[in-house]
Ligand code: HEM
């Protein structure tokens, strides 16, 4: 179960990043071009929220089943002194949960707006901040000590 979840979590990152980037680009175009808020924009907003929440749930389950996290939580002093263990136990988790909250808030605020440009603006601002945080919290292969593969099983 653990390996399956980890692979799904790793793969899902790409779907999430693609849909999030599309949502952000569309929101900025809509905001600066004063375009209407289309059904496509609404779908992008919804899919971003759904994928982020699915990723959150998988991440939370991983947190409780991962041997890495179990070992790390058993000895927090050593964990906090180790860059790689601290990253997954604290930094990755806190930053990703923050990004999920920002996307959820941005989506809810966009939904409440009555003017199309304001809908675009809310998504542009909140989703962009979340995208930056997610990008920083992903264990990209080039990152020393914490780097993981770009694709599951690679
Ligand atoms: C929402 C966006 C998120 C993205 C894009 C993301 C992405 C990733 C990636 C790419 C990995 C490495 C997978 C691998 O080794 O192949 C990973 C590992 C992990 N993630 Fe996330 N994650 C997210 C959210 C979360 C959240 C919210 C939690 C916890 C509440 C979480 C918990 C974990 C844990 C515990 C691991 C390491 C598990 C292990 O190696 O045993 N993730 N994540």
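The values are calculated or read from the model by the stated rules, or taken from the named source; none is laboratory data. Please read all numbers here as calculations on a predicted model, not as lab measurements. Here the Cβ positions follow ideal geometry from the backbone for every residue, glycine too, while neighbour counts run over all protein chains shown.
Pick out the one residue from 86, 40 that is surrounded by fewer than 13 Cβ atoms within 10 Å (Cβ to Cβ), modelled with pLDDT of 95 or more and part of a helix (DSSP H, G or I).
40
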Practice problem: Kindly check whether there is at least one residue in region 113-126 that is within 17 Å of the chain's Cα centre (by Cα), surrounded by 13 or more Cβ atoms within 10 Å (Cβ to Cβ), touching a residue at least 24 places away in the same chain (Cβ under 8 Å) and outside any helix (DSSP H, G or I). | Solution: no
Exercise. Take the residues in region 136-151 that are within 23 Å of residue 22 (Cα to Cα) and within 9 Å of the ligand (Cβ to nearest atom), then tell me which one is surrounded by the fewest Cβ atoms within 10 Å (Cβ to Cβ).
Key: 151
Quiz prompt | Extreme residue, nearest to residue 150 (Cα to Cα), among residues of region 22-37 that are in contact with a helix residue (DSSP H, G or I) (Cβ under 7 Å, 6 or more places away or on another chain) and in a helix (DSSP H, G or I) | solution = 22
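Given the criteria surrounded by 14 or more Cβ atoms within 10 Å (Cβ to Cβ), under 18 Å from residue 104 (Cα atoms), touching a residue at least 60 places away in the same chain (Cβ under 8 Å) and within 9 Å of the ligand (Cβ to nearest atom), does residue 16 qualify?
So residue 16 fits the description; yes.
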